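J.: Before I ask anything, here is the structure I am working with.
Coordinate-derived values only; no laboratory data. Source: prediction; values computed, not measured. Cβ placement follows ideal geometry from the backbone for every residue including glycine, while neighbour counts extend to all protein chains displayed.
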């Protein structure tokens, strides 16, 4: 009996001493209890005359005050069109300044923005619009092989014979309004200029009253993600989810209002809207868009000519920049930091980015759309090996655990398993899909739920 008791006690001691794969991202900096619209206005008050955004391919350079004016006019235009809080507006376009304006305008008035992949084919577009129940859709002009105007006419031929704003389409029964970027007129559609002019019919006081009705826990964004198998699911994110995630991702890069951020990542993706756009606006930094889609030479030219201090991208983008035959012709010495993510980041690529591109403080981010997206991020003051060979530490105010997916139990440090996230950044749920939400998020609000969803590394 004595021997048995001793063995049991020893086992208990060893069990107690084991270190489990759990971490909590502590921070002395509190979460922002603000809506995106209110945060934007605060930033404008602090930095009214600093450059907010540059769209080089459109010849646009706006200060924060000018940016705010465009956003408010767009928001009032959407109000005049009758869009109510909680209604959905889709946006289907490559990177353009109208995309950025719409992102913040919709947030100000409580319209949930549905980000649609510019590469979607007709059946994918139809699914996203009907599943989310979009009332309005903003589209870009034709780009490469995607003629957005023709494609939406194929889905809704009724556009040819209807007035703008009163579409009644058999295949898109909830969609009433199409707004097309640019000045060219098409039957049944408003132009971007029309939308801004409509804003003249709404007063600043009416906009302010509408903005005051928004809460930071309200949904503000739907982003479709393949997740596991089957039809894409609409990850629904709140102001609180994505505003704070952008803020803390920027803080870990030591963003200030002096930073100039080159953004070649797509805006329909959470990388562009949160890590890039909200990361900039929460710190008063400048958003710089080099082109509608990623073009290596254009990015090199942009960094060189705009003296960018920050560059963001997926690993393949950085590889394309490093391998470009004209790489050595451009001065990238102003670069300091940035984010690499979206796929596994090769150690050798990280080393080259740090040295050849002067990005000594570049960080790696890890997460998924459903978690806002960043769950872990490397720290610029960590040892070199951890900066280039890991995905970093738990984000501020976020919990991380690694579990055995077959049992759901936390594994000891050093054992492989599935990464789960809990905290402010976890999505509200999948749009209009209660079953999928329950399968993905457990009762303790851990995402993903181990028994029902497989972790896809770096899917941000």
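J.: Would you mind telling me the antiparallel percentage of the DSSP bridges in the chain, rounded to 5?
T.: Expressed as a percentage, antiparallel bridges in the chain total about 45.
J.: Tell me the relative contact order for the chain as a rounded percent, counting alpha carbon contacts under 8 Å between residues six or more apart.
T.: Rounded, it is 16 percent for the chain.
J.: What order do you get for 168-176, 102-110 when each peptide is scored by the mean count of other beta carbon atoms within 10 Å, highest first?
T.: Output ranking for 168-176, 102-110: 102-110, 168-176.
J.: Within region 64-212, what percent of beta bridges assigned by DSSP are antiparallel, to the nearest 5?
T.: Around 5 percent antiparallel, to the nearest 5.
J.: For residue 142, project a label point 7 Å along Cα to C-beta. Then give me every residue of region 169-183 with its amide nitrogen under 19 Å of that point.
T.: Residues passing the 19 Å test: 179-183.
J.: A further question on this structure: Please state the Cα pair-distance histogram of region 265-378 with 5 angstrom bins from zero: what percent is in each bin?
T.: 2, 11, 23, 27, 21, 11, 3, 0
J.: Could you please tell me the mean projected area of the C-alpha convex hull for region 175-275, averaged over all directions and given in square nanometres to one decimal? Write down the numbers at each step before the final one.
T.: On the way: hull surface 41.8 nm².
Taking the Cα atoms of region 175-275, their convex hull projects to 10.5 nm² on average.
J.: As a check on your grasp of the helix formula, calculate [θ] at 222 nm for the chain: sum -39500 (n - 2.57) over DSSP H runs of n ≥ 4, divide by the residue count, round to the nearest 500.
T.: Result for the chain, helices only: -9500 deg cm²/dmol.
J.: Quickly work out the residue 390-to-residue 197 label distance, labels modelled 7 Å from Cα along the C-beta direction, and quote it in nm with one decimal.
T.: With each label point 7 Å from Cα toward Cβ, the separation is 5.9 nm.
J.: So how tilted is helix 122-132 from the main axis of the chain? Cα-based, degrees 0 to 90, rounded to 10.
T.: It is inclined by approximately 80 degrees.
J.: Hey, another quick one. If you restrict to DSSP beta bridges whose two residues both lie in region 326-417, what percentage is antiparallel, to the nearest 5?
T.: Roughly 60 percent of the DSSP beta bridges within region 326-417 come out antiparallel.
J.: Quick one: P(r) of the chain from all Cα-Cα pairs, 20 Å bins, percents rounded to integers, in order of increasing distance.
T.: Percent of Cα pairs in each bin: 25, 55, 17, 3, 0.
J.: Sorted by average packing, counted as other Cβ atoms within 10 angstrom per residue and highest first, what order do 146-156, 432-442 take?
T.: The most tightly packed comes first, giving 146-156, 432-442.
J.: Beta carbons within 10 angstrom, averaged per residue: use that to sort the peptides 238-251, 410-423, highest first. List each step's numbers first, then the result.
T.: Details: 238-251: 25.7, 410-423: 17.2.
Listed from highest to lowest mean packing, they are 238-251, 410-423.
J.: Multiply the residue gap between residue 170 and residue 381 by 0.36 nm, knock off their C-alpha separation, and tell me the result in nm, one decimal place.
T.: 70.2 nm
J.: Once the Cα atoms of helix 239-252 and of the chain are each reduced to a long axis, what angle between those two axes, in degrees from 0 to 90 to the nearest 10, is obtained?
T.: 60 degrees
J.: Take region 64-212, compute every pairwise Cα distance, and split them into 10 Å bins from 0; I just need the percent in each bin.
T.: 12, 45, 35, 8, 0
J.: So how tilted is helix 64-80 from the main axis of the chain? Cα-based, degrees 0 to 90, rounded to 10.
T.: The answer is roughly 70 degrees.
J.: Using only the Cα atoms of region 30-94, what are the Rg and Dmax in Å?
T.: Rg and Dmax of region 30-94, Cα atoms, are 14.1, 38 Å.
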